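So the structure is just underneath, and the comments pick up after that.
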Amino acid sequence: MGSKLSWILVFLILIPTGECKRIAGEGCTSQDLMGLTRFKAAIHVDTSGRLETWVGRHCCKWDGVYCNNRTGRVSEIRLPGFLSTDDFIAQTQMEGWLSPSITLLGSLEVLDLGGLISLAGTIPSSIGFHLPKLRKLYLYSNNLTGPVPLSIGKLSRLEEIHLHENLLTGSIPASIGILQNLNRLLLYSNRLSGPIPESITNLTNLVSLDLHGNSLTGHIPVKIGALQVLKELDLSDNLLGGKLPLSVTNLTAILVLYLDTNLLEGEIPFPSISGEMPSLGFLRLNDNHLTGRIPSNIGNLVSLRRMSLANNRLEGPIPSTLGNVLSVTEIYLDKNRLSGQIPNSIGRLSQLMHLSISNNLIEGPLPSEMSSLHYLQELDLSFNALNLSSIPKWLGRMPSLCRVFLAGAGIQGNFPELLRTTPSPLLELDLSFNHLTGIIPEWLGSLTQLYSLNLSRNSLVSKIPSTVRSLCDLGVLDLHSNKLSGPIDVVFQIESRFSEGSLSYIDLSDNHFSGKIEQIGTGPQSKIGFLNLSHNYLISRLPGSIGKLVSMRSLDLSYNKLGFGLPESLANVSSLEKLKLQRNRFTGEIPNGFLKLRALKELDLSDNLLVGRIPDGEPISDFPRSSFSGNRGLCGKPLSPC
């Protein structure tokens with residue numbers, strides 16, 4: 001959704017301003033006409049119908065073609081994938097190839113083919129030699145392959161390069177550093193590899209640099225702090241760019257590729273002195289292998305509003321100078337090796353709304369100065385060495401806090417009473433991996449806006465309170481690995497009570513729940529996609545209504561005392577990818593309808609009382625023997641013949 005929105009914004013920004021007008025004079029030059037007609041010939045499908053107007057010699061009247069009023073030469077081609085009207089925005093497609101003949105348009109200043117998701121081919125290698133006037137190059141969100149041409153450094157007038165969201169490979173050419181007029185360089189979400197060229201630090205007019213989602217390696221250029229007008233820097237997610245080669249089909253090959261990839265590494269080289277990068281407002285370096293400490297000069301980035309250094313190998317303390325970045329609204333430092341305590345200076349960040357420091361080595365106590373963060377909405381301190389014993393009382397009084405993640409924080413005793421009347425309604429709460437004891441309180445049902453509740457890995461006892469039926473917005477419920485008992489139907493009553501219920505993830509495994517599953521899949525629009533009730537004491541048969549869980553992808557009912565036949569209706573859950581029913585007391589035959597579970601990737605029916613022939617055909621007979629073992633009455637592939 002985010003990438004589509006970026007296409008829309010780019011399209012709206014690039015509406016022609018009138019400097020290049022359509023002219024009704026004589027026809028195009030033969031060179032321009034040849035370039036355009038060859039471009040059209042390489043496109044075999046145009047859902048927008050714009051290329052249908054490309055007939056005759058008067059190309060300046062063609063849709064998407066704009067000419068210079070003085071010279072009559074084609075100066076702009078604007079055929080973006082998104083078309084906007086007063087009523088709606090529509091996406092169009094052009095299937096075919098990007099013809100290299102586009103370089104015949106020697107006076108071209110703007111080339112916009114962005115968002116044409118089916119446009120394939122390569123960027124012409126000679127583009128730098130034949131389009132000397134090109135200022136804006138928009139070839140984003142296409143299906144282009146091959147390298148970024150070395151000749152791109154010849155386009156001395158280039159102001160913007162948008163080549164993101166393609167399948168480009170090879171390295172970023174060092175010649176890009178020659179483009180002194182460049183203010184936007186967007187190469188993200190490709191398959192580019194190799195180092196970030198040091199020459200990029202010569203682009204002193206650069207406002208936006210986004211290289212995320214590639215397979216870049218090496219160090220961040222040492223002099224990158226020289227980019228004084230830079231506002232947006234995104235070098236994140238160079239973990240293979242999130243895109244594996246099509247030839248990688250097994251886990252071993254994936255692991256070899258991962259281990260052979262160095263990613264971005266080394267220390268963060270900026271800001272090195274006071275006054276560097278004074279305009280930087282957006283910084284993302286997450287999901288790399290960066291090491292060393294967070295620079296103590298981080299407080300000099302006075303314009304910084306959003307910062308993510310998550311999922312690296314950074315160590316040492318959080319610098320107290322971070323409290324000088326007074327405009328920051330989001331800080332993500334999770335999944336590193338940071339140690340020490342949270343500095344008191346964090347309380348000065350009066351605009352802060354999101355703070356995540358989870359999965360580090362941070363120690364307690366929490367500074368009381370954090371209570372001054374009146375705009376803080378989300379706080380994630382999970383899995384550190386906090387050893388809080390209890391949640392600080394001031395945390396329950398923070399006026400905007402609605403998402404609290406304190407998993408593995410050492411919290412002890414009963415369910416925290418201070419969460420009962422927080423100033424801002426709780427939307428997400430994670431107190432998993434703590435030492436909570438006692439019962440889940442009845443007042444939990446008063447948190448009516450709660451969407452996600454995770455109390456797993458504690459020592460909670462007794463039953464689930466009936467008041468949870470009031471949690472109409474609940475989407476995620478994780479209570480696994482406690483000592484809860486009693487019936488579980490109160491959970492499924494959430495699903496059945498609300499026609500627009502959002503409950504999609506349920507994990508009640510590893511508890512002491514017992515009794516029958518009376519109702520499941522009875523909601524009119526059930527959204528349950530993950531259901532784990534394993535390792536309990538559930539009995540009797542599965543209700544046939546389970547087949548109404550059409551969004552289900554993972555179902556685990558293993559290690560219970562369920563019996564009778566497998567419900568035929570399960571065959572209706574066509575989205576099912578994992579089905580685990582082992583160690584129960586199911587009887588009868590495996591329904592032939594299970595052959596309709598074409599998405600199934602994991603199946604375990606072992607150690608039951610099943611009999612008869614295993615349904616012959618994909619995907620059922622493709623599973624290993626272990627999926628059916630322990631059923632003395634079963635036969636057929638992959639077991640012994642009947």
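Structural remarks
- Residue count for the stretch 138-162, restricted to those that are under 17 Å from SER175 (Cβ atoms) and in contact with an Asp or Glu (Cβ under 7 Å, 6 or more places away or on another chain): 0.
- Checked against (1) more than 20 Å from the chain's Cα centre (by Cα); (2) more than 21 Å from THR321 (Cα to Cα); (3) modelled with pLDDT of 90 or more; (4) not in a strand (DSSP E or B), GLU265 passes all but condition (4).
- Which numbered condition SER502 misses (of (1) touching a Lys or Arg at 6+ places or on another chain (Cβ under 8 Å); (2) among the hydroxyl-bearing types (Ser, Thr, Tyr); (3) modelled with pLDDT of 95 or more): (3)
- The stretch 406-429, subset surrounded by 17 or more Cβ atoms within 10 Å (Cβ to Cβ) and either closer than 16 Å to LEU373 by Cα or of a type in the set (Gly, Ala, Ser) (or both), residue farthest from the chain's Cα centre (by Cα): THR422
- Within the stretch 559-597, the only residue that satisfies the criterion of being over 21 Å from GLU618 (Cβ atoms), touching a Leu at 6+ places or on another chain (Cβ under 8 Å) and hydroxyl-bearing (Ser, Thr, Tyr) is THR587.
- Of all the listed residues (THR201, THR103), the sole one being part of a helix (DSSP H, G or I), of a type in the set (Val, Ile, Thr), in contact with a Gly (Cβ under 9 Å, 6 or more places away or on another chain) and over 24 Å from MET34 (Cα atoms) is THR201.
- Among the residues of the stretch 157-198, those that are part of a loop (DSSP other than H, G, I, E, B) and among the basic types (Lys, Arg) comprise ARG157, ARG191.
- Filter pass, LEU418 being of a type outside the set (Phe, Trp, Tyr) and either closer than 19 Å to PHE492 by Cβ or in a loop (DSSP other than H, G, I, E, B) (or both): no
- Only a single item in (1) outside any loop (DSSP other than H, G, I, E, B); (2) under 27 Å from ARG157 (Cβ atoms); (3) touching a Leu at 6+ places or on another chain (Cβ under 9 Å) is not met by PHE129, and it is number (3).
- The stretch 457-478, residues that are touching a helix residue (DSSP H, G or I) at 6+ places or on another chain (Cβ under 9 Å), crowded, with 20+ Cβ neighbours inside 10 Å and part of a loop (DSSP other than H, G, I, E, B): ILE464, LEU471, LEU474
- Odd one out for ILE488 among (1) more than 27 Å from PHE383 (Cβ to Cβ); (2) among the β-branched types (Val, Ile, Thr); (3) under 25 Å from the mean Cα position of the chain (by Cα): (3)
- Which listed residue is surrounded by fewer than 19 Cβ atoms within 10 Å (Cβ to Cβ), more than 15 Å from GLN493 (Cβ to Cβ) and not aliphatic (A, V, I, L, M), from SER534, SER509, SER514: SER514
- Test: residue in the stretch 381-404 that is surrounded by fewer than 22 Cβ atoms within 10 Å (Cβ to Cβ), of a type in the set (Phe, Trp, Tyr), modelled with pLDDT of 95 or more and outside any loop (DSSP other than H, G, I, E, B): yes
The values are calculated or read from the model by the stated rules, or taken from the named source; none is laboratory data. This structure is a prediction, so every number in the text was calculated from the model and none was measured. Cβ coordinates were reconstructed from backbone atoms using ideal geometry, including for glycine residues, and neighbour counts include every protein chain displayed.
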